[in-house]
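Working notes for the structure below.
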Amino acid sequence: MLGAAVARPDRLTVAALGDGGFLMSAAELATAARLGAPLLVVVYNDAAYGAEVHHFGPDGYPLSTVTFPETDLAAIAEGYGCAGATLRATDQLALVRDWLAGPKDRPMVLDAKVVSSHGAWWLEEAFRGH
Ligand SMILES: Cc1ncc(C[n+]2csc(CCOP(=O)(O)OP(=O)(O)O)c2C)c(N)n1
Ligand SMILES: [Mg+2]
């Protein structure tokens, strides 16, 4: 995604990923911020390696190794020099509109808190029998 943002600064690069993947690769934000990449990062934050929950849960294994405590990803992003925002409702998307209307001279990271009470139905179906 960083390569895409650098190669095509005329277009908006959007990276959509989970909180687990974000936490594994957050250091990339230092480079993205240093380059002033016009990059929008949307993190679907279910406080878990959600895919793993599908495997561990039905087999009765404890979920403690695949679920996380509350993590402030917007603060992490700001620490790297990016803009950061925590989203809990769609009316907060105005923040994104403001960033889009601005110079986009640093990446924006959205920590979109999503429900974790139940996993994604389509993944549940895809993993059945695995
Ligand atoms: C480096 C690495 N380690 C482990 C995995 C196995 N893995 C696949 S999906 C997944 C969970 C990812 O969690 P998250 O990014 O929060 O996405 P979610 O499933 O919660 O939407 C893991 C650990 C992987 N793909 N890559
Ligand atoms: Mg997750």
Pull up the stretch 43-57, narrow it to residues that are more than 8 Å from ligand 1 (Cβ to nearest atom) and out of contact with any helix residue (DSSP H, G or I) (no Cβ under 9 Å at 6 or more places or on another chain), then point me to the one that is nearest to L29 (Cα to Cα). F56
T71 - would you say it is modelled with pLDDT of 95 or more, under 12 Å from the mean Cα position of the chain (by Cα) and of a type outside the set (D, E, K, R)? no
When you look at D10, is it surrounded by 13 or more Cβ atoms within 10 Å (Cβ to Cβ) and of a type in the set (D, E, K, R), yes or no? no
Report every pair of residues separated by at least 6 positions or lying on different chains whose Cβ atoms are under 7 Å apart, first residue within the stretch 70-84 and among the aromatic types (F, W, Y), second modelled with pLDDT of 95 or more and surrounded by 19 or more Cβ atoms within 10 Å (Cβ to Cβ). Y80/L29; Y80/A33
A careful count of residues in the stretch 36-51 that are farther than 17 Å from D72 by Cα and either assigned to a loop (DSSP other than H, G, I, E, B) or within 9 Å of ligand 2 (Cβ to nearest atom) (or both) gives 5
Could you pull out the residue among A5, A33, A15, A85 that is in a helix (DSSP H, G or I), in contact with a strand residue (DSSP E or B) (Cβ under 6 Å, 6 or more places away or on another chain) and small (G, A, S)? A5
Selection within the stretch 43-79 - farther than 24 Å from E125 by Cβ and in contact with a Ser or Thr (Cβ under 9 Å, 6 or more places away or on another chain): D72, L73, A74, A75
Verdict on G119 being surrounded by 16 or more Cβ atoms within 10 Å (Cβ to Cβ), in contact with a His (Cβ under 6 Å, 6 or more places away or on another chain), at pLDDT below 95 and not aliphatic (A, V, I, L, M): yes
Can you confirm whether the stretch 13-23 contains a residue that is buried (at least 17 other Cβ atoms within 10 Å of the Cβ) and more than 13 Å from ligand 2 (Cβ to nearest atom)? yes
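Looking only at the stretch 38-47, decide whether some residue is farther than 26 Å from H118 by Cα and among the hydrophobic types (A, V, I, L, M, F, W, C).
yes
The values are calculated or read from the model by the stated rules, or taken from the named source; none is laboratory data. All of these numbers come straight from a predicted model, not from anything done at the bench. Don't worry about glycine lacking a Cβ; one is built from the backbone with ideal geometry, like all the others, and counts go over all protein chains shown.
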